[in-house]
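Below: one structure, written as structure tokens.
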Amino acid sequence: MTLKRNFSLAITLLIAIGVTAVAYLQLTSQPLIKEYVSDSNAEAMYLPDGHGLEIISFGYRNLLADILWFNTINYFGKHFKGDRNYRWLYHMCKLVTKLDPDAEHAFKFCATMLSWEANRPELAINLLNKAIQHDPTRWPYYYLRGFTNMFFIEDIEAARKDFAAAAKHPDAPREFLKELTAKLGKKDPRTRVQVLQNLLNRAEDPNEKRALTEKLKDAIDKLNLQNLNRAIAIYKNRSGKAPSALKDLVTSGILDKIPRASENHKFVLNPQGDIVLLKKTNAQEVEQ
């Protein structure tokens, strides 16, 4: 009986929100659909910020936030599997977090995907600034803003301050933050791997996990590439010449085995005697 009553209430609220939204948008001469994406299907309902959003939410902020969050997750998943065009992601995340500023899961997901997948780290910083302003007691916000500043914005001093702020919280991974701080300013692929593994362990949404797994594989490939070229340098120093094949690094005793690249890449020894990381199609062309 309670389930039916809750379901009926949700339907009633949705209808009320829809009617209110249409009425508001007609009164203010704002279009219900702001833009269209490449497939000509409207994908994001335009909801105004500020006072207009308060009117449309009709006092049921959390319910509307949950509905919009579900829509945001579906939107991301569709484009992650398709064209990788996330033009509406920031807009949708901004609406969800405005309606529910305590939605830590939304802030973390949006900031992570805006940086790593949508290549819009400056928008991730905007969201995290709002998150910290609303609740400065949550260390993940400082951590996320810190590595965004570290890897994408390359603002080392800002990253240092964020990691220090995160480390003040008793439940934060202090040793890991200390290690990150020590590596600030260094182009170290191992750090990128560690951060992505940490993010992946904390991820909840399946599509977020897939996106981070993809980025992690790329980061591991780059780490292995660095190690292989270090082995090449040792080989050249010992023998006075470049190896003729990757297996020479094993037969010479420098490496126990040649690491395997992920399914999208391949390690190839170029004519100069250096190892490069190529996409599979390009790698096949080189080998022919």
In nm, give the distance between the simple-model label positions of H105 and S252, each being 7 Å from the Cα along the Cα-to-Cβ direction.
5.2 nm
Calculate the spin-label point distance for S244 paired with K81, positioning each point 7 Å from the Cα along the beta-carbon direction, and give it in nanometres.
5.0 nm
Can you list which of the trypsin sites (Lys or Arg not before Pro) found in segment 228-270 are DSSP loop residues with at most 10 other C-beta atoms within 10 Å?
K241, K257
Given a Förster distance of 35 angstrom, what is the FRET efficiency for R174 paired with R210, based on the Cβ-Cβ distance and rounded to 0.05?
0.70
Where q = 0.14, 0.21, 0.22 Å⁻¹, what log10 of I(q)/I(0) comes from the Debye formula for segment 90-159, counting one point per Cα?
-0.35, -0.78, -0.86
So, with points 7 Å from each Cα along the Cβ direction, the K183-N198 label distance in nm works out to 0.9 nm
Restricting to lysines and to Cα separations under 21 Å from K186, and discarding same-chain partners fewer than 8 apart, the set is K161, K178, K215, K217, K222
Neighbour counts of other C-beta atoms within 10 Å: give me R138, R160, R202 arranged from fewest to most.
R202, R160, R138
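We did not get these values from a lab; they are worked out from the coordinates using the rules stated. The structure displayed is predicted, hence computed values, not measured ones. Positions of Cβ are backbone-derived with ideal geometry, glycine not excepted, and every protein chain shown enters the neighbour counts.
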